[in-house]
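Written out below as structure tokens is the structure these notes cover.
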Amino acid sequence: MLSQQQMQKQQLKILPQQIQLLNLYFLNSQELEQRIKTELEDNPMLEMTSSQESEPGGDEQSSGDVPEWDDYRDDDIPDYKTEYQNYFAADQLPEMPIVSMSYFRDELKQQLRLQEISEKDRMLAEYLVDMLNDRGLMDKSLEDVADDLSFNMQILVDEKELERILSLIQELEPVGIGARDVRQCLLLQLERMNRRRPDIRCAYKLVRDHFSDLMHRQFEKVQHSLNIDEDELRIVLQKISTLNFYPVSERVTLFEPKDTIIPDYIISRDGDDIGVSLLHSRSSAVYVNQSLYEQLAGQCGSRDKSAIQYVKNKLQSARWFVQAVKQREDTMLHIMQCIIRIQKDYFMEGDIHLLKPMVLRNVAEASGLDISTISRITSNKYAETHFGLIYLKDLFSEGIADQKGKVISNKVIQSVIEETIDNEDKRHPYTDQQLVHILTGQGYNIARRTVAKYREQMGIPIAQIRSVWV
């Protein structure tokens, strides 16, 4: 029997314009420039003033200043030195030409082009290759990578799909590339060997099931678990010692091109005041060409409704984009000013020990904006300060109470741990428990598992592995 029911419910719907605005929030300066360039090509109603017209040192040059060959004939400065100035710091210029070489990410992408995979899989694989750290490991959470990729590429990607793509990358050369940690890197190398051999088979089982016991040198427990004697264990350990902890550890070169990072903010100190500005402001440079709209609208006859609607849509899109760029810049400045007020002591001195605990919720409450807006504005952005370049996400940290009851940032704890490990005797490195005693003596009340967690977050291995590196 048919029946009717009346139900009332609330739904939260996000308009397409709101999604596009959130996308603009996430972009850094370089990405915004590319987005503006794309909009200028697609929308004739959108114009941008040229900022290079009045800049000195342009392409204009009088005929009398044209250099002659004779001016350079006797120049004894090697060409490679002037060429490398764009890629190396002034105090790191090589004394001789360096050979052309390809880096492991380029080599991996070249291998991917030879694979018979779909375009989507190739795009995802190249994205994951760029996410690998300098040692070739995937130390980022695939869940976070899936969220960022889905947001940036406007495609729906889940963690399982990225796991499948990562498995494809792990089949490439060098062996162990794309491993999640040292243990998996060793396993990937052993999987490529002849596992019919007893020593390889035993080594694989040792790394797979008893890696923690191996790292803590609990050899008697390993012997009992694998049912082998001391001589057999020595053979297995000798085989494991020939493996690489990291897939690209031997590829670190003496000269590496410096990374060029364009900051989004300029933070300056003037006495007791901290000022903030954007490196490039585009809200005043992008504008709507109203005269072109009037001209096209006059040329379109009243009967050509499709042409009139096209012109109106382009005008509306241009107006929205100009307003969105301005709103993005206003929001960026407002949020950065709130962060400076919270972290004023840190920005005054640049000392990480003055960094206060701060999470997204604190900035959201101070600015009156949503947490998601704070997250997108602070993601993938840098600020130039009087003490160097900083990554905005590094300003956010949880708080830990010290022995005096004062809440300090966990970034301070991580800094102390890193400094202590850097100054340790590499032949007898500190264990996590010894680090706890050292931190306690400095007034930091922290548990051993917390030390281990921070150490792993900084990519520092345990003491047993650090002693192997000596």
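Among the candidates Val407, Val416, the residue that is modelled with pLDDT under 85 and β-branched (Val, Ile, Thr) is uniquely Val407.
If you go through the stretch 212-221 and keep only what is in contact (Cβ under 8 Å) with a residue 40 or more places away in the chain and either closer than 14 Å to Leu243 by Cβ or under 33 Å from the mean Cα position of the chain (by Cα) (or both), you end up with Met215, His216.
Whenever a residue of the stretch 226-248 is in contact (Cβ under 8 Å) with a residue 12 or more places away in the chain, its partners that are charged (D, E, K, R), lying with C-beta atoms within less than 6 angstrom and at least six residues away or across chains, give the pairs Ile235/Asp199; Val236/Asp199; Lys239/Asp199; Tyr246/Arg135; Val248/Arg135.
To keep it simple, each residue is scored yes or no on (1) charged (D, E, K, R); (2) under 31 Å from the mean Cα position of the chain (by Cα).
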site: Glu191; (1), (2): yes, yes
site: Arg197; (1), (2): yes, no
site: Val207; (1), (2): no, yes
site: His210; (1), (2): no, no
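Residues that are surrounded by fewer than 16 Cβ atoms within 10 Å (Cβ to Cβ), at negative phi and of a type in the set (Asp, Glu): does the stretch 439-456 have at least one? Yes, because at least one residue in the stretch 439-456 is surrounded by fewer than 16 Cβ atoms within 10 Å (Cβ to Cβ), at negative phi and of a type in the set (Asp, Glu).
Picking from residues in the stretch 457-470 that are open to solvent by 60 Å² or more (accessible area, probe 1.4 Å) and not in a helix (DSSP H, G or I), the one that is modelled with the lowest pLDDT is Val470.
The single residue among Ile417, Ile421, Ile438, Ile446 that is closer than 27 Å to Gln218 by Cα, over 26 Å from the mean Cα position of the chain (by Cα) and part of a helix (DSSP H, G or I) turns out to be Ile438. Per the listing Tyr430, Tyr391, the residue uniquely farther than 30 Å from Gln327 by Cβ and either touching a Phe, Trp or Tyr at 6+ places or on another chain (Cβ under 7 Å) or crowded, with 17+ Cβ neighbours inside 10 Å (or both) is Tyr430.
In the stretch 247-284, the qualifying residues are those that are at pLDDT 85 or above and in a loop (DSSP other than H, G, I, E, B), and the one that is most open to solvent (accessible area, probe 1.4 Å) is Asp272.
Could you tell me whether any residue of the stretch 149-165 is buried (at least 18 other Cβ atoms within 10 Å of the Cβ) and within 15 Å of the chain's Cα centre (by Cα)? Taking every residue of the stretch 149-165 in turn, at least one turns out to be buried (at least 18 other Cβ atoms within 10 Å of the Cβ) and within 15 Å of the chain's Cα centre (by Cα).
The values are calculated or read from the model by the stated rules, or taken from the named source; none is laboratory data. This is a predicted model, so every value here is computed, not measured. Don't worry about glycine lacking a Cβ; one is built from the backbone with ideal geometry, like all the others, and counts go over all protein chains shown. The protein model used for the area step is the full one, side chains on, heavy atoms only, and it has no ligands, DNA or RNA in it. Shrake-Rupley method; radii C 1.70, N 1.55, O 1.52, S 1.80 Å.
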